[in-house]
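**Q** Below you'll find the structure I mean.
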Amino acid sequence: MEIHLTAKHLKVTAPINDYVNQKLEKCQKYFDHIIWGQAFLSVEKRAHNCEFVIHAPRQTFRALATAADLYSAVDLASDKIDAQIKKFKERIKGRHKPGQEEESAPVPAAAGPLKPQVVKQPVAPMTPEEAVEEMESLGLTFRLFQDKDSHQIHLVYRASDDSYKVLQPVKKNGR
């Protein structure tokens, strides 16, 4: 892994460089596909800042830590980035591989446009009374039928007040 170290308002000594390299290379043991890492060290008034950025294929990890001491800031940033990489690795391990059966709960229906189920029902010529009798005998909630007199398609159903209603299709202008 290639490591870039950048410092602002402080001089990078050999021990600091070695310490930062050691902490960033520790990430390799959790996730071995790391391409390169960056460390940004800075001092602002009495606060020491350390930012680690690690680049992996299709993933970038970033951790920022502030402490009174530079070594403490490096330790905190290292711990944060290690936790991120561990969590990412566990998430990758948890994914199902093709061919494995899923034993989890059923997936709820996706939110979006509902696709209606098509139910085909034979339409026979009958009176509304005959349609109600057939609907009750078959245990249906509604019955589509062709009216004997008008030869139009009608629908009979039981309303919430236990009465029967007949729907008659009409054109928009009321005819």
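**Q** Exactly one condition in (1) modelled with pLDDT of 85 or more; (2) under 30 Å from ILE35 (Cα atoms) is not met by ARG95; state its number.
**A** Result: ARG95 fails condition (1) only.
**Q** Let me ask another. Every residue in segment 53-82 that is over 19 Å from PHE31 (Cα atoms) and part of a strand (DSSP E or B), please.
**A** Matches in segment 53-82: LEU64, ALA65, THR66, ALA67.
**Q** Would you please name the residue that is nearest to PRO169 (Cα to Cα), looking only at residues in segment 117-145 that are of a type in the set (Ser, Thr, Tyr) and part of a loop (DSSP other than H, G, I, E, B)?
**A** THR127
**Q** Identify all residues within segment 150-167 that are farther than 17 Å from GLN121 by Cβ and not aromatic (Phe, Trp, Tyr); write none if there are none.
**A** Matches in segment 150-167: SER150, HIS151, ALA159, SER160, ASP161, ASP162, SER163, LYS165.
Rundown of residues vs (1) modelled with pLDDT of 90 or more; (2) of a type in the set (Ser, Thr, Tyr); (3) not in a strand (DSSP E or B), yes/no style:
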{"site": "HIS4", "(1), (2), (3)": "no, no, no"}
{"site": "VAL12", "(1), (2), (3)": "no, no, yes"}
{"site": "PRO15", "(1), (2), (3)": "yes, no, yes"}
{"site": "TYR19", "(1), (2), (3)": "yes, yes, yes"}
{"site": "GLU25", "(1), (2), (3)": "no, no, yes"}
{"site": "GLN28", "(1), (2), (3)": "no, no, yes"}
{"site": "HIS33", "(1), (2), (3)": "no, no, yes"}
{"site": "PHE40", "(1), (2), (3)": "yes, no, no"}
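**Q** Another question, then. Test of understanding: among LEU70, LEU76, which residue is surrounded by 13 or more Cβ atoms within 10 Å (Cβ to Cβ), of a type in the set (A, V, I, L, M) and touching a residue at least 60 places away in the same chain (Cβ under 8 Å)?
**A** Every option except LEU70 fails the conditions.
The values are calculated or read from the model by the stated rules, or taken from the named source; none is laboratory data. Quantities reported herein were computed from a predicted structural model and do not represent experimental measurements. Here the Cβ is made from the backbone with ideal geometry for all residues, glycine too, and neighbour counts use every protein chain on show.
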